[in-house]
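The structure appears below as structure tokens.
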Amino acid sequence: MLLSNIVVLTQSSSFIIGPIAKVFGAIMDAIYNLFSAIGIESLGISIILFTVIIRLLMLPLAFKQQKSMIGMQKIQPKLKKIQDKYKNKKDAESQNKMRMEMSQLYQEHNVSPFGGCLPLLIQFPIIMSLFQVLRNIPAYIMSIKGIYLSIIASVRGVAGFGDYITSLNEAAKIPVKNFDIASNDKVIDLLSTFSSSDWTKFTDHFNAVGDKIAPLVTQLTDINYFLGINLADKPNLMSIGLLIPVLNVVVQFLVSKTTMSSNNRNMDEKQAATNKTMMYTMPLITVFFVITMPAGLGLYWLTSSSFQLVQQIVINKHLKKDKE
């Protein structure tokens, strides 16, 4: 397939996120093809391995951020002494002296007040690119895109195809922008958002060619199923799909608790109280997003959080002597 065809479908064209997403997409495609070659076509396995690989690549940034945070906490008492020293001195000369003393303290301990922010700024486009890939799987995994193309080829000649697909897009919660029924990529943009019930209605509508599209839809469904959970659907809270939000809450709580416990040293009571509140609110925020998103994104979040938990434990142990 020509490169010009690969970069059309739903792939981000933004200046920063687009190129990063293309790299991540290539990794995702390679993982899927690797397992497909041995007869395992599983989006779930691809998501898990993809997430682990990306988290490993981001590990140096995470380590740098944690080390910077620990360094800043270590000098907090000394920083407070300097600030208290010039608390009632608001003249320009005193303020300049305070900044010089603080700067000297940073240099002595080889830390920067912005050291923890830089890794976060770098990670933001990476995380956005990850979501771009996971939200638009057919844009990056060419084998899966091929299944969608086969479905479209089977129904495009059916009378009323254009009006029906257009009406589906207009009725969608988030319609495809600049929708063009003549564009296969735009149609795939719409079809890739389908849940199980949407596919059932779609197959019923095109029952005239049902013998052609039914096996393809079944293939997509089989690819999306992981441990009995359809990754294309929102988690079914009345089935095994409940595991996705439940495990996300548990793991996110452990991540928050482990992170906060490593950061509470040298914090005042107000900061510690804020951290404790975050420890309980973050899992609730997580579960809100997980139950409103397709289970595939929930699986990514769970894998990422699990990796982060192990990562945080290892980093805490490695940097323990630096905190004393």
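Rule-based calculations on the coordinates, nothing more; no lab input. From a predicted model like this one, the values you see are computed outputs, not experimental measurements. Note that we place each Cβ from the backbone using ideal geometry, even for glycine, and neighbour counts take in every protein chain shown.
Mean-square fluctuations from a GNM of the chain, with a 10 angstrom spring cutoff on Cα atoms, peak among VAL249, VAL111, VAL133 at VAL111. Ranking ALA172, GLN66, THR51 by how far each Cα lies toward the positive end of the dipole of the range 47-183 (charges on Cβ) leaves GLN66 at the top. Using only side-chain charges placed at the Cβ, +1 for Lys and Arg and -1 for Asp and Glu, the dipole size of the chain relative to its Cα centre rounds to 1860 debye. Highest mobility in the GNM of the chain, judged by mean-square fluctuation with C-alpha springs under 10 Å and restricted to ASP84, ASP233, ASP185, is found for ASP84. When we measure straight from the Cα of LYS173, which lysines land under 18 angstrom away, once same-chain ones fewer than 8 places off are left out? Filter leaves LYS186, LYS201, LYS234. Given the options GLN219, VAL249, ILE151, identify the residue whose Cα lies farthest towards the positive end of the charge dipole of the chain (+1 on Cβ of Lys, Arg; -1 on Cβ of Asp, Glu). Positive-end residue among those listed: VAL249.
Put +1 on the Cβ of every Lys and Arg and -1 on every Asp and Glu Cβ in the range 150-300; which of THR200, THR281, MET293 then has its Cα farthest towards the positive end of the dipole? Going by the charge dipole, the pick is THR281.
Largest GNM mean-square fluctuation across LYS276, LYS173, LYS74, computed for the chain with C-alpha springs under 10 Å, falls on LYS173.
Quick one: of LYS87/LYS276; LYS67/LYS276; LYS64/LYS257, which pairs are farther than 27 Å apart, Cα to Cα?
On the way: LYS87/LYS276 29 Å; LYS67/LYS276 21 Å; LYS64/LYS257 20 Å.
The pairs that break the limit, which is 27 Å between Cα atoms, are LYS87/LYS276.
Take each peptide in 98-109, 150-161, 58-69, count the other Cβ atoms within 10 Å of every residue, and average; sorted highest first, the result is 58-69, 150-161, 98-109.
Note down the magnitude of the dipole of the range 148-203 about its Cα centre, charges +1 on Lys and Arg C-beta and -1 on Asp and Glu C-beta and zero elsewhere, to the nearest 20 debye. Show your work: numbers first, answer last.
Working: 5 positive and 6 negative charges, 15 e Å.
Computed charge dipole of the range 148-203: roughly 80 debye.
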